[in-house]
Amino acid sequence: MKAVLLDSVERDLVTAREAVFGWMAARTGKVPLLLKDEDPVWRQELTWLGLDFDAGPAPERPGEVLRVRDADRPAPPGPLLRLPALREAQGWSLTRLQGQGALGSAVLAFLASLGWPDRPNRSYLSRIELLRQFRPGELDPSPVCLDFADFTEIQRHFMEELTPAELLDFSFPFWREQGVLDEEPQGELRRNLEGLALLFSFELTWLTEFPQRAAFLVREPPPLGDPRLSTLALTLEKVRPWDSETLLEALGDLEPQTWEAAERALTGYSPTPGLPEILAMVGREVSLRRLKA
């Protein structure tokens, strides 16, 4: 085998899985990975998964090129890596997953896990671990059904693994798409958003959710007009310095209903992790104004 050639014409998750296995076969076999179709959108989507390709024409002599095919698709002539049939994948694509806010690394791990005997943590492998554990002879020939409940758990795991800076950077296209930010955040705004990323990371499943939850740093939530919050604002006006530790002490034994109302007044949501931290990030002036509104 002198190269692995990706030449399927469909643009669905079945083909994406073929590409993932072709990439693993090429990299572990130390041969070029060639993409026949130069469609820039398809190439971009496969690159988003974490696949990288090599330049140059495919070898012309029979038997020198390995192709990858799902078991439900016709087999081309020549060397072939046959994958277990992937069922119930209709209607899903890399475009749809990317637009939903999935991580390319999570989709890569998910597609690479489809077709192996059950093994602990098989679905949570990084690119390096995928290549390290790639054993095509261990593939289970039985058909496998695509289960998006399983994928959601994998996605959540990879979201939790992100650093605050990565979460902000990966989610930025959705900040722009949702009309929350036009330009990448800098300075104090970026530091505060990274702080929120640290607070929210274990509550988020999709990248689209971060701008939805954290937009309150740049947008005013609806006013509540709750008299309890006006009283709370009077108490907080005396807080010096305005930091999370001092604010936590000032909040003291705040009754749960007032605590939840304060969260909604500040962020538009309740429950929200870290009310003292959010007060500190929003700042003294804006926090007091929102509590009094």
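The values are calculated or read from the model by the stated rules, or taken from the named source; none is laboratory data. Small disclaimer: the values here were computed from a predicted structure and weren't measured. Positions of Cβ are generated from backbone atoms using ideal geometry, with glycine treated the same way; all protein chains shown enter the neighbour counts.
Name every residue in segment 185-227 that is under 19 Å from PHE170 (Cβ atoms) and part of a loop (DSSP other than H, G, I, E, B), in order of residue number. Correct list: PRO185, GLN186, LEU204, THR205, TRP206, LEU207, THR208, VAL218. The set of residues from segment 128-175 being touching a Lys or Arg at 6+ places or on another chain (Cβ under 6 Å) and either under 17 Å from LEU86 (Cβ atoms) or polar (S, T, N, Q) (or both) comprises PRO143, CYS145. For residues that are in contact with a strand residue (DSSP E or B) (Cβ under 7 Å, 6 or more places away or on another chain) and modelled with pLDDT of 95 or more, tally how many sit in segment 144-179. Looking only at that region, the number is 0. Are any of the residues in segment 13-29 in contact with a strand residue (DSSP E or B) (Cβ under 9 Å, 6 or more places away or on another chain), in the same structural domain as LEU83 (by TED's automatic domain parsing) and part of a loop (DSSP other than H, G, I, E, B)? The answer is no, given that none of the residues of segment 13-29 is in contact with a strand residue (DSSP E or B) (Cβ under 9 Å, 6 or more places away or on another chain), in the same structural domain as LEU83 (by TED's automatic domain parsing) and part of a loop (DSSP other than H, G, I, E, B).
Here is a yes/no grid of residues against (1) touching a helix residue (DSSP H, G or I) at 6+ places or on another chain (Cβ under 8 Å); (2) modelled with pLDDT under 95:
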{"site": "LEU193", "(1), (2)": "yes, no"}
{"site": "LEU204", "(1), (2)": "yes, no"}
{"site": "ASP253", "(1), (2)": "no, yes"}
{"site": "ALA293", "(1), (2)": "yes, yes"}
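Taking segment 21-53 as the range and being on the phi > 0 side of the Ramachandran plot and surrounded by fewer than 14 Cβ atoms within 10 Å (Cβ to Cβ) as the test, only LYS30 passes. Among residues of segment 254-271 that are in contact (Cβ under 8 Å) with a residue 24 or more places away in the chain and within 11 Å of LEU229 (Cβ to Cβ), those with a Cβ under 8 angstrom from a residue that is acidic (Asp, Glu) and buried (at least 16 other Cβ atoms within 10 Å of the Cβ), sequence gap 6+ or separate chain, pair up as ALA261/ASP226; ALA265/ASP226. Scanning segment 105-143 for residues that are within 22 Å of LEU94 (Cα to Cα), modelled with pLDDT of 90 or more and of a type in the set (Gly, Ala, Ser) turns up SER105, ALA106, ALA109, ALA112, SER113, SER126. Checked against the criterion of being modelled with pLDDT of 95 or more and β-branched (Val, Ile, Thr), segment 216-225 has no qualifying residue.
Across segment 223-254, the qualifying residues are those that are over 36 Å from the mean Cα position of the chain (by Cα) and charged (D, E, K, R), and the one among them that is surrounded by the fewest Cβ atoms within 10 Å (Cβ to Cβ) is ASP253.
This table checks each residue for (1) modelled with pLDDT of 90 or more; (2) touching a strand residue (DSSP E or B) at 6+ places or on another chain (Cβ under 9 Å); (3) closer than 26 Å to ALA149 by Cα.
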position	(1), (2), (3)
LYS36	no, yes, no
GLU45	yes, no, yes
GLY56	no, yes, no
PRO62	no, no, no
ASP70	yes, yes, yes
ALA85	yes, yes, yes
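Residues in segment 7-22 that are acidic (Asp, Glu) and within 12 Å of LEU34 (Cα to Cα): ASP7 alone.
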